[in-house]
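K.L.:
Here you go, one structure.
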Amino acid sequence: MAVRSSMWLEYQIEANWTSPVIFILYNTLKPVGGSLLLLAMYYVVTGGFLGGESLYFLYIGNAFYMLVAQTLFNVGWIIHDDREHYQTMKYIYISPLSYFMYLMGRSAMRFLLSLLPLSVLIFLGVFLKIPYHIEVLLLLGTFFLGWIFVISSGLLLSGINMLTARHGNSVGQAFSGIFYLFSGVVFPINVLPGWASKAALGMPSTYWFSLVRRSVLGKEVDSIMSGFTTGEVAVRLIIISVLFFVISYLTFRLADYLARKKGILDMTTTY
Amino acid sequence: MNVMLNLRALKGRAYPRMIGAVREPSWMFWETFLPILSMAAYVYVYRSLDAPKEFEGFVILGGVMTTYWMNVLWGMASQLYWEKETANLQLYLAAPMSKMSILAGMALGGMFSTSVRCISIIVMGVIIFKVDFVVTNAGLLLGIFGVTLVALYGMGMVFASLFLMWGREAWHLNMIMEEPIYFLSGYSFPVKALGSLSLFATVIPFTLGLDAMRQLTFPSMATQWGLVSPHLELVILLVMSIILLYLARVSLDRMERMGRSKGTLTMRWQ
Amino acid sequence: MTQKGLRRVLPSQRVDAIACEHVDRIFESKNRTVQALNDVTITVKKGELFGLLGPNGAGKTTLIKILTTLLLPTSGKAHVYGYDVTRDENKIRPIINMVSGGEYSGYGLLTVRENLWMFSQFYGIPGKEANQRIKTLMERLGIANMGDRKIRTLSTGERQRVSIIRAFMTEPQVVFLDEPTLGLDVETARLIRRFIQEWLEKDSERTVLLTTHYMMEADELCSRIAIINEGKIVALDTPSGLKNMVKKEISLNIEIFPEIKVDWLNNLDGVIGFNSKDAGGNLSLRVVVEHDAAVGEVLAGINQHGGKISYLNKEEPTLEDVFLKLTGRGLE
């Protein structure tokens with residue numbers, strides 16, 4: 001019930017401000033813009049050639065990264081918006097609806113809404129002659145595990161937001177940058193310095209993006225990640241995701257406790 | 001126009017931004033450290049593609065200029081909407097100073113954190129990625145940088161007036177404009193690659209500014225990837241600055257009047 | 001009159017502080033049209049503390065927004081110190097200020113003193129002078145020791161005192177106070193009322209327009225009061241003049257048990273207005289009637305509807321009775 005009503009609220013906040021056409025445009029312009037940026041980079045380096053493994057790697061990685069980026073982008077605002085903009089956080093907090101479940105619901109809806117721009121990017125990939133080799137079951141499982149990983153990140157971010165001030169930029173967007181750099185999203189992780197490649201293997205997102213490539217392109221071209229079988233990647237992703245979820249949940253609970261202790265659940269910090 | 005009044009108003013609005021940055025140092029993490037990570041990813045994309053070293057420098061310079069663009073969008077243009085939501089806007093509007101001085105105060109106040117981020121990006125570029133900037137004409141480079149900022153902030157003020165009229169739409173528009181504008185302005189690649197589209201892209205002031213600055217810091221790439229000569233870009237930017245500042249003034253007045261007529265200036269949670 | 005740091009042009013001494021002529025304001029949206037102000041005509045002389053009394057949604061805030069240059073009238077003319085609110089906003093803004101009850105402005109990360117200083121800069125007050133004014137007013141309003149506290153840590157009453165300082169430190173000629181004591185405790189409300197009165201007494205040119213739905217506040221402070229209901233000014237006079245309107249009428253306070261329905265009063269001859277509220281299972285009823293005969297009919301009606309009277313009192317007329325008479329309903 002709590003999840004359902006918070007999902008409904010997220011949909012209202014995200015979608016009720018405009019017409020469906022504008023909403024779809026709004027949801028797709030940003031991801032398409034991000035993909036065009038990468039395509040342009042590829043284009044200038046290859047001297048006008050748009051094809052090859054590297055292109056497919058970065059295009060698919062970037063398309064699926066939108067699920068992470070867009071969800072975290074929005075989740076990054078929830079606490080600050082509720083607390084300082086709509087000033088409803090204290091009311092939601094004292095209602096029988098668990099604030100934790102409320103955040104779960106809102107991030108779940110955002111994740112679902114982000115599937116729309118992802119579909120558009122997948123469709124546009126046809127024009128780039130991306131050799132799709134979709135393994136449906138694996139893809140569905142990947143989506144589910146991705147959702148766990150993304151909401152864990154959202155929870156961690158929300159915990160931090162409970163204790164920090166609202167700044168001008170989107171903290172969610174900045175936060176998702178960690179995954180963009182360290183998870184082999186748009187380049188293979190062996191390009192990173194040695195320590196960073198090792199760190200990447202401790203992140204759930206690295207395995208998730210590897211599963212994405214395996215389920216959409218039917219293969220893994222990252223030289224480090226291709227050393228694992230699909231089963232190994234899935235098992236590692238599940239274990240690390242569970243760990244990540246527990247860490248995020250505990251962090252959120254601690255932040256929740258500290259926010260109440262400090263009396264900052266209804267603070268306004270804008271400057 | 002009462003110059004002293006507007007200078008004081010500018011100082012008054014810049015103050016919370018500077019003090020806020022000192023009192024809430026978490027912005028260092030959110031607005032400096034993390035965004036640099038995303039930017040570093042673009043450098044690694046070029047590395048993975050064995051691109052010339054200069055392209056990595058292009059990303060670094062793009063990162064520097066987009067920092068200001070972000071300050072314009074998030075710290076200034078959309079800020080009037082936020083001020084409305086927190087009941088400050090009506091006090092700003094009922095006060096005698098020019099609204100441009102308030103916006104300039106926000107921008108200048110945000111300059112501290114923006115500049116910290118820019119310096120961090122340059123330091124990262126030089127130390128971690130070993131980017132070699134070869135400055136050929138420091139005076140021209142600084143001039144272009146300064147005029148680009150004036151034009152950028154002028155454009156931000158025009159946006160601010162639009163955002164004043166709109167409610168949540170403005171907030172969303174701010175979000176969706178980020179990536180398409182990064183693309184059109186050539187944030188991480190030479191804008192000339194866009195062909196005839198690059199002409200259209202020059203409407204955004206930092207497209208020309210960025211292109212000129214890249215030509216002046218990576219001269220080996222200027223012939224192949226430079227759009228037009230940096231001198232001409234400076235002249236165009238100067239003209240743009242004047243037009244944008246004028247437009248900002250007119251549009252702020254017009255939007256304020258329209259808001260007063262429709263009653264949206266003090267209507268919260270639109 | 002000039003203020004350091006900001007040139008203020010005041011027109012001839014003879015103009016009224018506020019003048020509204022046939023002001024209408026209509027809000028239109030996709031689904032509905034609301035007439036917030038309907039043919040409002042008022043004049044406020046310099047030196048007056050003018051009250052605008054009305055229930056929530058009567059149009060008080062809309063009128064204040066028009067006079068503070070935040071909103072344009074749909075039709076009609078409104079002037080502040082002789083300046084047209086539609087055309088001369090730049091001349092009006094240096095000489096006015098405003099406080100909205102229940103709305104607190106400023107930035108949570110700044111201290112009280114820093115917030116106030118920031119707002120002083122928007123009026124061009126030199127820093128030193130601004131600090132001196134802030135210090136004096138903080139002492140006067142009893143928050144001298146709170147200058148270094150962050151604004152987000154203040155109580156409702158303390159925040160409202162900060163808002164009052166923010167508005168008065170710019171030495172405005174006309175101050176618009178929109179429900180300035182809303183939600184405040186008795187002591188803070190009294191302090192603010194006394195401050196407003198003293199501020200006015202210091203200079204005969206100063207003017208205050210106060211909106212409130214607290215009858216006592218309007219009665220105590222205002223030299224003249226306009227009663228506004230559904231966007232229309234339904235009466236305008238001094239508090240005693242308004243009360244004279246109902247002098248010949250009779251005001252009854254009645255406690256009835258058990259609680260009964262009193263809709264039938266609407267159809268009773270001689271009843272001008274009534275206001276009822278629950279009083280812990282009993283009904284507290286205030287009725288204004290035209291003549292003695294109606295008193296008997298009211299009491300008989302209560303009896304007929306199964307109510308017993310535990311308390312009955314005939315009172316001197318108050319502004320609430322005026323309001324009941326004019327609008328047929330209670331204010332709160």
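K.L.:
What residue among A:Ser5, A:Met267, A:Leu181 has its Cα farthest toward the positive end of the dipole of chain A, where the charges are +1 on Lys, Arg and -1 on Asp, Glu, each on the Cβ?
P.N.:
A:Met267
K.L.:
Using the alpha-carbon atoms, what tilt in degrees (0 to 90, nearest 10) does helix B:138-165 show relative to the longest principal axis of chain B?
P.N.:
40 degrees
K.L.:
For a distance above 37 Å, tell me the whole-number percent of Cα pairs in the protein assembly as shown that qualify.
P.N.:
In whole percent, the share of Cα-Cα pairs in the protein assembly as shown beyond 37 Å is 54.
K.L.:
Any idea what the dipole of the stretch A:2-262 comes to, in debye rounded to 20, about its Cα centre with Lys/Arg Cβ at +1 and Asp/Glu Cβ at -1?
P.N.:
Magnitude of the dipole: close to 500 debye.
K.L.:
Chains C and B: what accessible area do they bury, summed, in square angstrom to the nearest 100, with a 1.4 Å probe?
P.N.:
Its buried surface, counting both partners, is about 3200 Å².
K.L.:
On to the next question. Before I look further, what does the protein assembly as shown give for accessible area per residue, probe 1.4 Å, in whole square angstrom?
P.N.:
39 Å²
K.L.:
Where Rh is the Kirkwood radius over the Cα pairs of the stretch C:186-249, the temperature 25 °C and the viscosity 0.890 mPa s, what D in µm²/s does Stokes-Einstein return?
P.N.:
Approximately 186 µm²/s, per Stokes-Einstein.
K.L.:
Moving to a separate point now. Under a Cβ-Cβ cut-off of 14 Å, what is the net charge of the residues other than A:Pro188 that fall near it, where Lys and Arg count +1 and Asp and Glu count -1?
P.N.:
Computed value for this residue: -1.
K.L.:
The stretch C:232-302 to the stretch B:46-113: how many Å between their Cα centroids?
P.N.:
Computed from Cα coordinates, the inter-centre distance equals 61 Å.
K.L.:
Kindly identify residues of the stretch A:83-106 having a loss of at least 30 Å² in accessible area between the isolated chain and the assembly of all protein chains, probe radius 1.4 Å.
P.N.:
Those residues are A:His85, A:Tyr86.
K.L.:
Which percent of the accessible heavy-atom area of the protein assembly as shown goes to carbon and sulfur, probe 1.4 angstrom?
P.N.:
Here it works out to 61 percent.
K.L.:
For the stretch B:1-89, treating each Cα as an identical point scatterer without solvent, what Debye log10 I(q)/I(0) comes out at q = 0.11, 0.17 1/Å?
P.N.:
-0.50, -0.89
K.L.:
At a threshold of 8 angstrom on Cα-Cα distance, excluding pairs fewer than six apart, so keeping six or more, what relative contact order does the stretch C:254-332 reach in percent?
P.N.:
Value for the stretch C:254-332: 39 percent.
K.L.:
Moving on to the next point. Convert 37 °C to kelvin, take the viscosity as 0.692 mPa s, use the Kirkwood radius over C-alpha pairs of chain C as Rh, and evaluate the Stokes-Einstein diffusion coefficient in µm²/s, rounded to a whole number.
P.N.:
My calculation gives 151 µm²/s for D.
K.L.:
Hey, got the dipole for the stretch C:248-316? About the Cα centre, +1 on K and R Cβ, -1 on D and E Cβ, debye to the nearest 20?
P.N.:
Here the size comes out at about 180 debye.
K.L.:
Using DSSP to call loops (not H, G, I, E or B), can you name the trypsin sites (Lys or Arg not before Pro) in the stretch C:151-206 whose Cβ has at most 13 other Cβ atoms within 10 angstrom?
P.N.:
Here the sparse-neighbourhood loop sites are C:Lys202.
K.L.:
Normalised by the number of residues in chain B, what is the relative contact order in percent for Cα pairs under 8 Å and 6+ residues apart?
P.N.:
27 percent
K.L.:
Here is a further query. If Lys and Arg each add +1 and Asp and Glu each add -1, what is the summed charge of the other residues whose beta carbon sits under 12 Å from the beta carbon of A:Trp208?
P.N.:
Cβ neighbours under 12 Å give a net charge of +3.
K.L.:
Turning to a different aspect of this structure: Relative to the compact globular guide of 2.2 N^0.38 Å, what is the alpha carbon radius of gyration of the stretch C:1-133, as a ratio?
P.N.:
This ratio for the stretch C:1-133 stands at 1.21.
K.L.:
Can you give the Rg/Rh ratio of the stretch A:171-271, where Rg is from the C-alpha atoms and Rh is the Kirkwood radius?
P.N.:
Using Cα coordinates only, the ratio equals 1.12.
K.L.:
Still on this structure: What quantity of accessible surface, computed with a 1.4 Å probe and excluding non-protein components, is buried in total between chains A and B, in Å² to the nearest 100?
P.N.:
So the buried area, both faces added, is about 4900 Å².
K.L.:
Continuing with the same structure: Helices from chain A with mean Kyte-Doolittle at least 1.6 and a Cα length along the axis of 30 Å or more, per DSSP H: which?
P.N.:
Span-like helices in chain A: A:136-163.
K.L.:
I would also like to ask the following. So how many Å³ per residue does the convex hull of the Cα atoms of the stretch A:20-177 work out to?
P.N.:
It comes to 138 Å³ per residue, whole-number rounded.
K.L.:
Tell me the mean residue ellipticity at 222 nm calculated for the protein assembly as shown from its helices only (DSSP H runs of n ≥ 4, each -39500 (n - 2.57), averaged over every residue, nearest 500).
P.N.:
For the protein assembly as shown, the value works out to -18500 deg cm²/dmol.
K.L.:
With just the Cα atoms of the stretch B:3-262, tell me how far they stretch along each of the three principal axes, in Å, largest first.
P.N.:
Largest first, the stretch B:3-262 extends 56, 38, 34 Å along its Cα principal axes.
K.L.:
If you don't mind, there's one more thing I want to ask. For chain A: lysine pairs with Cα atoms under 29 Å, gap of 8 or more or different chains, count?
P.N.:
So the count of such lysine pairs works out to 6.
K.L.:
Put simply, what bits of the stretch A:224-271 lose 10 Å² or more of accessible area when the other protein chains are there, versus the chain on its own (1.4 Å probe)?
P.N.:
By number: A:Met267, A:Thr268, A:Thr269, A:Thr270, A:Tyr271.
K.L.:
In addition: If every alpha-carbon in chain A counts as one equal scatterer, what log10 I(q)/I(0) does Debye give at q = 0.12 1/Å?
P.N.:
-0.76
K.L.:
Let me ask something else about it. Run the count for the stretch B:3-262, please: Lys pairs, Cα-Cα under 22 angstrom, 8 or more apart or on different chains.
P.N.:
7
K.L.:
Note down the relative contact order for chain C as a percent, whole number, built from C-alpha pairs under 8 angstrom at least six residues apart.
P.N.:
Relative contact order here is 19 percent.
K.L.:
Taking a probe of 1.4 Å and counting only protein heavy atoms, give the total accessible area buried between chains C and A in Å², rounded to the nearest 100.
P.N.:
In total, chains C and A hide about 400 Å² from solvent.
K.L.:
So how long is each side of the stretch C:248-316 along the principal axes, counting just the alpha-carbon atoms, biggest first, in Å?
P.N.:
32, 23, 16
K.L.:
Run the numbers on the stretch C:149-194: which residues show a drop of 50 Å² or more in accessible area, chain on its own versus all protein chains together, using a 1.4 Å probe over heavy atoms?
P.N.:
Those are C:Arg152, which lose 50 Å² or more relative to the chain on its own.
K.L.:
Okay, next question. Count charges around C:Thr86 for me, please; just the other residues with Cβ under 10 Å from its Cβ, Lys/Arg as +1, Asp/Glu as -1.
P.N.:
So the surrounding residues net to +1.
K.L.:
Among B:Leu227, B:Leu173, B:Leu184, whose mean-square fluctuation peaks in a Gaussian network model of chain B (Cα, cutoff 10 Å)?
P.N.:
B:Leu173
K.L.:
Which one, A:Thr46, A:Thr206, A:Thr229, has the greatest fluctuation when you compute a Gaussian network model over chain A with C-alpha springs under 10 angstrom?
P.N.:
Taking springs between Cα atoms under 10 Å, the residue moving most is A:Thr46.
K.L.:
While we're here: Take the Cα of A:Phe100, step 7 Å along the line toward its Cβ, and report every residue of the stretch A:66-94 whose backbone nitrogen sits under 17 Å from that point.
P.N.:
Under 17 Å, as judged by backbone N against the label point of A:Phe100, lie A:93-94 of the stretch A:66-94.
The values are calculated or read from the model by the stated rules, or taken from the named source; none is laboratory data. Keep in mind that what you see is a predicted model, and the values were worked out from it rather than measured. Because the Cβ atoms are built from the backbone with ideal geometry, glycine has one as well, and the counts that use them run over all protein chains shown. Protein only, heavy atoms only, side chains kept; ligands, DNA and RNA dropped before computing areas. Shrake-Rupley method; radii C 1.70, N 1.55, O 1.52, S 1.80 Å.
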